[in-house]
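This is the structure I want to talk about, given as structure tokens.
The values are calculated or read from the model by the stated rules, or taken from the named source; none is laboratory data. Predicted model, so just to flag it, every value in this text is computed and none were measured. Here Cβ is always computed from backbone atoms with ideal geometry, including for glycine, and neighbour counts include all displayed protein chains. SASA here: full protein model, heavy atoms, side chains in, ligands and nucleic acids out. Shrake-Rupley method; radii C 1.70, N 1.55, O 1.52, S 1.80 Å.
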Amino acid sequence: MAEKLVVQIPEEISVRALAALLKVDATAVIGKLIAGGVMATINQSLDFDTACLVAEEFGNTAEAQSEQTTINKTTDSKDAVTRAPIVTIMGHVDHGKTSLLDFIRKSNITAGESGGITQHISAYQIDFKGEHGARKITFIDTPGHEAFSALREHGATITDIVILVVAADDGVKPQTIEAIEHAKKANVPIIVAINKIDSPGANVERVKQQLSEHDLIPEDWTGKTVMVPISARTGEGVDRLLDMVVLTADMQELKADPNGTPEAIVIEANLDKQVGPVATILVFNGTVRTGQVLVVGKTYGRVKAMEDDLGVKISQAGPAKPARLFGLKDVPKFGERIEVVPSEKVARTMTQSGLKTKSAGGDSERNSIKIVIKADVGGSLAALEESIKKLTYKDASVEIVTSGIGPVNENDVNLAKASAARILAFRVPINKRITELAGKEGVDLNEYWVIYELTEMLEKELKSIATTTFVNVQLGRLRLLAVFSWNKGAGIVGGEVLDGVVKPNVSVEIFREKEQIGTAKAGAMKIGKLEVDQAEKGTQCGISLSDSTTDPAVGDVLNFFETKEEK
């Protein structure tokens with residue numbers, strides 16, 4: 001008899017993904033849909049209600065997917081092997097989280113890679129040699145400021161172990177308590193690193209007492225929480241801390257199947273003007289490889305190249321391996337799941353294509369101006385609301401929290417404060433008491449007498465908060481006639497411009513037999529011995545290339561393009 005499941009279903013899910021969730025063949029799901037009068041293909045998206053009905057048809061219980069991303073942290077596959085633990089370090093600002101991360105990373109770089117730390121990304125893997133032999137440990141670096149509470153909570157749901165850093169000279173603070181709550185909610189074991197034991201005023205026993213008030217009882221008090229006194233500055237106790245991480249991981253029996261279905265998540269993303277969208281991913285199961293086609297949320301792409309946390313190019317990333325990935329059409333969002341699909345055609349169908357490249361960070365809260373309107377008469381108010389409702393710029397809009405007739409009053413100020421809104425007073429008096437109250441409560445209060453002045457102000461604000469969008473502007477193509485020199489991703493090539501114009505200092509895509517095989521950066525360009533700033537159709541020129549992800553060959557076609565901000 002098939003196992004009955006409790007499945008969490010998002011607002012929208014493809015037939016393929018639903019079948020995987022229900023652990024049944026996709027054809028069985030399609031059969032249920034057809035029986036219910038719904039004609040669907042394997043890549044078609046289903047709404048929440050339809051997906052729930054299908055789940056229940058198979059005897060399962062369906063519920064709305066929580067906002068947090070859940071990941072299978074282990075697998076019962078017969079080919080499963082032990083994987084590295086994924087560790088998140090949390091703690092209050094200034095308690096030494098960053099110092100600890102830096103010390104661990106610098107002290108555990110694989111031999112031969114010293115000096116190889118070329119960049120900082122939000123996840124990295126170390127090789128640690130301790131009491132239990134040589135082991136790999138993966139760390140996720142989460143922001144420490146309290147404004148990133150939601151991000152930190154998300155981080156706790158994708159990690160195996162939380163190291164809670166508490167300063168011995170400062171004790172438990174609000175963010176410490178918050179981190180404890182997040183870890184408990186995610187059912188993740190906590191190891192406490194009591195840092196700054198070499199600082200004046202350090203009191204390890206006081207910290208243990210404070211933590212015990214939050215149900216973290218140290219082992220030497222007959223409790224179950226591992227607490228390790230350390231100094232991130234000198235490194236004292238850090239090796240013992242990492243040994244405890246390995247021991248805790250062994251108790252969890254974390255496993256993954258490198259040959260299984262790839263399961264990964266985006267933990268950081270940005271738009272690089274030279275290479276386009278870049279996503280830092282963390283693989284939990286299976287292996288993500290260059291050349292694969294991925295669907296990530298509403299975007300997709302073929303993996304053109306990958307780098308590890310040291311900036312070294314890699315062809316694949318297996319379980320618990322963080323990697324920077326190049327090739328997506330758009331910048332994905334933090335926490336989005338990655339799905340490998342057979343082809344770009346399938347990916348386009350699943351994501352409904354038509355995507356534009358965006359910078360990371362756009363969201364409805366950030367891209368909305370909230371206002372409270374007070375006007376002198378109904379006619380003025382109606383005209384204002386009609387004008388404001390038409391105001392949009394890209395993904396930014398104006399939200400009218402409330403509106404009314406008459407002077408601004410205390411209730412308006414309180415509502416504006418609670419809603420993070422500003423008050424716009426149109427042709428109504430504002431008395432001194434209300435002005436002082438608004439100032440005290442940090443509420444913007446502005447007075448207007450002409451509608452267009454008010455709408456122009458809002459238009460300007462919309463442009464300032466809208467998500468910056470970028471488009472790739474195609475310039476021209478060049479066919480390679482010669483490769484004059486080449487070494488480690490850089491060199492000089494020559495060719496003839498097929499169409500358009502080619503320029504130096506722009507991005508390049510490398511095609512071979514109509515298939516894109518890599519990317520590069522164009523440098524100085526010469527026609528004969530003369531350095532030029534462009535070459536037109538029919539012209540032969542030489543050009544230097546750098547940062548190439550592949551070795552070019554005679555006959556390859558270089559596609560030159562610029563990434564520009566869309567106005």
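Run the numbers for Thr41 and Lys389: contour at 0.36 nm per residue of separation, minus the present Cα-Cα distance, in nm.
Fully extending the segment from Thr41 to Lys389 adds 121.4 nm.
Sticking with this one: Residue by residue through the stretch 330-342, which ³J(HN,Hα) values in whole Hz follow from phi under the Karplus form 6.51 cos²θ - 1.76 cosθ + 1.60 (θ = phi - 60°), with glycine and proline marked x?
9, 7, x, 9, 4, x, 6, 7, 10, 10, 8, 10, x
Using only the Cα atoms, what convex hull volume per residue in Å³ does the chain have?
234
Output the direction-averaged projected area (hull surface divided by four) of the convex hull of the alpha-carbon atoms of the stretch 174-214, in nm².
Projected over every direction and averaged, the Cα hull of the stretch 174-214 covers 3.2 nm².
Using a simple spin-label model with points 7 Å from Cα along the Cα→Cβ vector, what separation in nm is obtained for Thr539 and Glu236?
A separation of 6.7 nm, rounded to one decimal place.
Ok, one more. Using a 1.4 angstrom probe with every protein chain in place, what is the largest-first accessible-area order of Tyr393, Tyr448?
Tyr393, Tyr448
Putting +1 on Lys and Arg Cβ atoms and -1 on Asp and Glu Cβ atoms, find which of Gly489, Cys541, Gly518 reaches farthest to the positive end of the dipole of the stretch 458-557.
With unit charges placed on the Cβ atoms, the residue in question is Cys541.
Oh, and also: So, taking all protein chains as they sit and a 1.4 Å probe, how much accessible area belongs to Leu101, in Å² rounded to tens?
Answer for Leu101: close to 10 Å² accessible.
Report, in debye and to the nearest 20, how large the dipole of the stretch 1-60 comes out about its Cα centre when Lys and Arg carry +1 and Asp and Glu carry -1 on their Cβ.
Using Cβ point charges on Lys, Arg, Asp and Glu, the stretch 1-60 gives about 220 debye.
Further question: Using 0.36 nm per residue of separation minus the Cα-Cα distance, give me the extension gain between Lys184 and Ala482 in nm, one decimal.
Here the segment from Lys184 to Ala482 would lengthen by 101.1 nm.
Can you tell me which of 167-175, 406-414 comes out highest on packing, and rank the rest after it, using the mean Cβ neighbours within 10 Å?
167-175, 406-414
Mind putting a number on the dipole of the chain about its Cα centre? Charges go on the C-beta only, +1 for Lys and Arg and -1 for Asp and Glu, and I need it in Debye to the nearest 20.
It comes to approximately 1320 debye.
Can I ask one more? What residues qualify as long-range amide H neighbours of Ile9, i.e. H under 5 Å apart, gap of 5 or more or another chain, H built at 1.01 Å from N?
Glu63, Ala64, Gln65
Let me ask something else about it. I'd like to know which of Ile369, Gly291, Ile180 lies farthest towards the positive end of the charge dipole of the chain, counting +1 on Cβ of Lys and Arg and -1 on Cβ of Asp and Glu.
Gly291
Mind giving me the nanometre distance, one decimal, between the label points for Lys564 and Asp243, set 7 Å out from Cα along Cα→Cβ?
Each label point is offset 7 Å from its Cα along the Cβ direction, giving 6.2 nm.
Could you compute how much accessible surface Met244 exposes when probed at 1.4 Å, giving the result in Å² to the nearest 10?
The accessible area comes out at roughly 30 Å².
May I pose another question? Give the calculated FRET efficiency between Lys460 and Asn409 to the nearest 0.05, with a Förster radius of 30 Å applied to their Cβ-Cβ distance.
Rounded to the nearest 0.05, the efficiency is 0.60.
What aspartates and glutamates sit close enough to Lys313 to cross-link, taking a C-alpha to C-alpha distance under 16 Å and skipping anything fewer than 8 places away on the same chain?
Answer for Lys313, where 16 Å is the Cα cut-off: Glu113, Asp547, Asp551, listed by chain and number.
Can I ask one more? Considering only DSSP beta bridges whose two residues both sit in the chain, what percent are antiparallel, to the nearest 5?
70
Using a 1.4 angstrom probe on the protein heavy atoms only, line up His132, His214 by accessible area, largest first.
If we order His132, His214 from most to least accessible, we get His132, His214.
I'd like to know how the stretch 218-338 sits against the 2.2 N^0.38 Å rule of thumb: what's its Cα Rg over that expected value?
The value comes to 1.34.
Considering amide H positions built from the backbone, and no H for Pro or chain starts, which residues 5 or more places from Val398, or on another chain, come under 5 Å of its amide H?
Correct list: Ile369.
Once you order the gyration tensor axes a ≥ b ≥ c over the Cα atoms, which shape class does the stretch 198-267 get: rounded for a/c under 1.5, otherwise prolate or oblate by comparing a/b with b/c?
It is prolate, given that a/c is not under 1.5 and a/b is the larger ratio.
Further question on the same structure: Over the chain, what percent of the accessible surface lies on carbon and sulfur atoms, probe 1.4 Å?
With neighbouring chains kept in place, the figure for the chain is 49 percent.
Could you list which residues have their amide H under 5 Å from that of Ile89, counting only those 5 or more apart in sequence or on another chain, with H placed in the peptide plane?
Ile140, Thr142, Ile163
What area, in nm² and to one decimal, does the C-alpha convex hull of the stretch 426-519 cast on average over all directions?
The Cα convex hull of the stretch 426-519, projected and averaged over all directions, gives 12.7 nm².
Hey, another quick one. State the extension gain, in nm to one decimal, for the chain segment bounded by Asn431 and Glu513, taking 0.36 nm per residue of separation less the distance between their alpha-carbons.
My answer for the length gained is 22.1 nm.
How much area per residue is accessible in the chain when the probe is 1.4 Å and only protein heavy atoms are counted (Å²)?
Ligands and nucleic acids excluded, the result is 49 Å² per residue.
Cα-Cα over 25 Å: which of Lys304/Lys526; Lys329/Lys514; Lys298/Lys488; Lys417/Lys460; Lys417/Lys463; Lys537/Lys564?
Lys304/Lys526; Lys298/Lys488
Tell me, what is the percent relative contact order of the stretch 438-567, built from C-alpha pairs under 8 Å that lie six or more residues apart?
31
By a straight-distance test (C-alpha under 20 Å), which lysines pair with Lys173 as possible cross-link partners, with residues fewer than eight away in the same chain excluded?
List returned: Lys97, Lys184, Lys185, Lys196, Lys208.
Based on DSSP H runs of at least 4 residues, each adding -39500 (n - 2.57), what is the mean residue ellipticity at 222 nm of the chain after dividing by all its residues, to the nearest 500 deg cm²/dmol?
Roughly -7500 deg cm²/dmol at 222 nm, from the helical runs in the chain.
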